[in-house]
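Read the figures in this text as sums done on the coordinates, not as results from a lab. For clarity, every value in this text was computed on a predicted model and none was experimentally measured. Methodologically, a virtual Cβ is constructed for each residue, glycine included, from the backbone with ideal geometry; neighbour enumeration extends over all protein chains shown.
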Amino acid sequence: MNIRVTDEAKAVLHKSNTNNKNIIRIRGTMTNSCSIFVDVDLIFDAYNPNEIAYEDESLIIQIDDFTKDYIGNTLKLDYKTTGFSITTPSETLVYGLSIKK
């Protein structure tokens, strides 16, 4: 999987946990109201070696198979003043995210 984490996103993640490596999950869950769609969240998570999609010296990003299938093979995690955003080459999946605990 090709994941790009911008310097802005890395800086915000590092500020949230300066003592340890951050383990973040990109989680997609199917929701339904008037229609069915996938809701994408960022959450702090416990380490699961079977779901690592990205790792560097200070960050691990984990994604389950359902979410990988929904997102595709390429994504960018960015941070602006409105919060985190997750984009693919063809669309913005979600923006204005904060990390859930």
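Of 53, 9, which residue is part of a strand (DSSP E or B) and surrounded by 14 or more Cβ atoms within 10 Å (Cβ to Cβ)?
Details: 9 fails: part of a strand (DSSP E or B).
Every option except 53 fails the conditions.
Consider residue 96 carefully, then state whether it is more than 15 Å from residue 11 (Cα to Cα), of a type in the set (Gly, Ala, Ser), surrounded by fewer than 11 Cβ atoms within 10 Å (Cβ to Cβ) and touching a residue at least 12 places away in the same chain (Cβ under 8 Å).
Values: more than 15 Å from residue 11 (Cα to Cα): yes; of a type in the set (Gly, Ala, Ser): yes; surrounded by fewer than 11 Cβ atoms within 10 Å (Cβ to Cβ): yes; touching a residue at least 12 places away in the same chain (Cβ under 8 Å): yes.
Spelling it out, residue 96 is indeed more than 15 Å from residue 11 (Cα to Cα), of a type in the set (Gly, Ala, Ser), surrounded by fewer than 11 Cβ atoms within 10 Å (Cβ to Cβ) and touching a residue at least 12 places away in the same chain (Cβ under 8 Å).
Taking the condition in a strand (DSSP E or B), touching a residue at least 40 places away in the same chain (Cβ under 8 Å) and either farther than 18 Å from residue 100 by Cα or of a type in the set (A, V, I, L, M, F, W, C) (or both), does residue 26 pass? Lay out the reasoning, then the answer.
Numbers: in a strand (DSSP E or B): yes; touching a residue at least 40 places away in the same chain (Cβ under 8 Å): yes; either farther than 18 Å from residue 100 by Cα or of a type in the set (A, V, I, L, M, F, W, C) (or both): yes.
For residue 26, the condition - in a strand (DSSP E or B), touching a residue at least 40 places away in the same chain (Cβ under 8 Å) and either farther than 18 Å from residue 100 by Cα or of a type in the set (A, V, I, L, M, F, W, C) (or both) - is met.
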